[in-house]
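Below is one structure; the comments refer to it alone.
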Amino acid sequence: FSLQKRTHRNSSILPAVSRTTTRCEVIHYDAWSLLSGDNLTQEDSLNDPEQVQLMLDQMQVPTESPWWQWMKATPCPLIVIWSQSPRYICRVIVLPSGTSLTSPLREPEGTFIMTKLLMGVVSQEDLSGRRQQQTRQNELLSKESTTWTTPGGKDRMFHAMDMGTGVLFEVLLFPSSPSAPATLSTGDNMCLNSADWPIEQRLHFQSSSTKESKDEIIEQDEAQVGASSIHTEFQAALGGLQPQIDTIVRRVLEGRVLLRSNSSTTPMEARELVSLGLVPVRGLLLYGPPGCGKTALARELSRILRAREPKIVAAPELLDRWVGGSEKKVRALFQDAEAELAACSGDATNSALHVIVIDEIDAVFRKRTSSEDSGESTRSSVVNQILTKLDGVQAIPNVLLIGMTNRKELLDEALLRPGRLEVQIEIPMPSREGRREILAIHFAALRKNHRLCPRLCAALDGTSYENQTFWRRTEKSTYDLASNRATGGFSGADLAGLVRCAASIGFAKARKDGTGVSGLFITLDDVQQALVEMRKSKA
Ligand SMILES: Nc1ncnc2c1ncn2[C@@H]1O[C@H](COP(=O)(O)OP(=O)(O)OP(=O)(O)O)[C@@H](O)[C@H]1O
């Protein structure tokens with residue numbers, strides 16, 4: 001392993017760290033003045049340990065600067081050499097949450113090491129004595145700690161607690177003896193187990209000020225996914241509904257030509273289907289327990305159909321106590337579709353699709369009673385009006401009506417017959433794998449931006465998590481957040497709420513630390529605390 005000798009003086013150029021490796025990476029990056037102003041750039045001051053200590057104590061962390069954001073996003077342990085001479089080394093050690101260095105650090109005898117914790121909670125272990133009988137002194141460096149000093153000559157190991165990225169700043173003052181190392185090289189004062197890992201392959205450099213920004217490096221991973229199909233479009237927004245989505249694609253989407261609302265051309269397929277007497281489905285019923293994604297599915301469907309902005313109403317809103325009021329509201333619902341159809345001379349294949357979503361449809365379309373009160377007659381007038389728009393003499397073919405209910409058994413059979421809400425799909429409570437998919441969707445942005453601790457990521461994937469407590473010893477644990485024990489009985493809305501609650505806990509911590517949104521980081525403990533809160537409110 002040979003250390004990277006390249007130096008980057010332009011602060012706008014940030015190295016892109018590989019997002020797959022977990023090995024420790026060492027890079028040289030001369031952004032010295034960004035950290036501490038000009039205070040520490042004076043080489044003279046670095047000869048005096050007391051001066052250095054004082055300066056480190058006063059060091060302020062510029063959390064808003066791009067390099068700081070960049071360091072925090074590293075997926076692997078990182079040592080950034082800010083400045084180096086035969087007399088001193090100044091470096092930053094960055095440890096993603098829950099990780100350790102891949103092998104211990106060792107400085108020559110007589111070196112004076114000053115360590116300042118800039119962020120997170122990091123434990124240091126001194127690995128002294130014989131390897132077989134190592135004695136370890138754990139010293140917890142916390143944010144409040146001032147600069148911490150250690151003599152050289154010992155193997156030292158750092159481990160970031162599962163509480164966000166740990167960042168340490170170190171100044172090493174070497175003894176003025178001929179044996180002091182001129183520059184870092186393999187085996188000198190750090191032995192990084194990276195011989196089989198050519199650093200050149202891992203690093204490429206991009207300017208954050210140009211179009212090819214840091215964000216785009218992250219986007220590259222997603223670009224490989226390829227062109228999105230209808231299925232993947234659904235899956236990105238809705239979890240655990242694969243069979244339902246398959247049915248919708250077959251019954252509603254494939255039978256209906258995807259007319260783009262901004263397209264002026266008529267797809268040939270539309271005409272062919274009509275000429276074969278195949279009329280697309282005009283009604284869809286989504287039913288099931290609350291919060292399982294009926295409304296979200298309806299919105300997604302209308303987006304995928306490139307329909308006009310869906311009109312979503314709750315059925316009780318259609319009932320008006322004034323004479324003629326309800327009829328007016330129903331007319332308003334269909335008015336745009338009718339106007340566009342008229343503008344297309346009645347040819348629905350030339351018109352964009354209009355999606356009308358009626359929530360709580362059972363409030364209006366419930367089984368008829370013989371009651372003759374005024375409420376009942378208003379209701380049946382609304383029902384009749386809507387039914388005629390669906391398949392009566394005034395049928396409007398450029399409309400897709402989506403009804404939603406928690407209680408399908410209350411619905412009038414007349415509504416459910418073919419030609420009306422003929423496709424009926426149950427949206428059930430999510431299964432274990434469904435919960436995993438839903439959690440993945442709602443945590444996706446946070447995960448992509450490296451705001452979740454590795455243990456939480458493992459809990460989301462349901463895989464076991466290996467925690468390196470100290471050199472060569474690992475602890476294995478498995479916690480599945482989608483399991484019945486953790487989130488059994490949670491609906492999609494509950495899971496979305498759980499993510500918001502965990503994020504609020506993480507954000508409160510970040511505010512307390514004074515880092516704000518840039519310091520937002522969510523641990524498994526935060527999610528477990530959120531689970532307790534959610535269960536209480538559900539009970
Ligand atoms: N299957 C799911 N996948 C992803 N998110 C979901 C899913 N189900 C629910 N959600 C989340 O929960 C929120 C509320 O769900 P939605 O309003 O679609 O439920 P609903 O079934 O229409 O409930 P209700 O019957 O009470 O109207 C959604 O906006 C979404 O964030």
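Each reported figure results from applying straightforward, stated rules to the coordinates on display, with no laboratory input. As the structure is a prediction and not an experimental result, all values here were calculated from the model. Here the Cβ is made from the backbone with ideal geometry for all residues, glycine too, and neighbour counts use every protein chain on show.
For the range 278-292, backbone phi angles converted through the Karplus equation (6.51, -1.76, 1.60; θ = phi - 60°) give residue-by-residue couplings of 9, 8, x, 4, 10, x, 9, 10, 10, 9, x, x, x, x, 9 Hz, Gly and Pro being listed as x. Taking θ as phi - 60° and the Karplus parameters 6.51, -1.76 and 1.60, the scalar couplings of the range 106-119 work out to 9, 9, x, 3, x, 6, 9, 10, 10, 10, 10, 7, 9, 6 Hz in sequence order, x denoting glycine and proline.
Residue farthest toward the positive end of the dipole of the range 432-538, with Cβ of Lys/Arg at +1 and Asp/Glu at -1: which of ALA493, ALA440, THR515? Sorting the options by dipole projection puts first THR515. A cut-off of 5 Å between modelled amide H atoms, ignoring neighbours fewer than 5 places along the same chain, links ILE312 with VAL357. Remark: the range 436-443, residue by residue, has Karplus-estimated 3J(HN,Hα) of 4, 5, 5, 4, 4, 5, 6, 8 Hz, where x stands for each Gly or Pro and the curve is 6.51 cos²θ - 1.76 cosθ + 1.60 at θ = phi - 60°.
Count Lys and Arg as plus one, Asp and Glu as minus one, and take only other residues whose Cβ is under 12 Å from that of GLY240; the net charge is then +1.
Computed extension length for ARG535-LYS448: 28.6 nm, one decimal, from 0.36 nm per residue of separation with the Cα-Cα distance subtracted. Put simply, the amide H of LEU118, placed in the peptide plane, has neighbours under 5 Å in VAL167, LEU168, PHE169, leaving out anything fewer than 5 places away on its chain.
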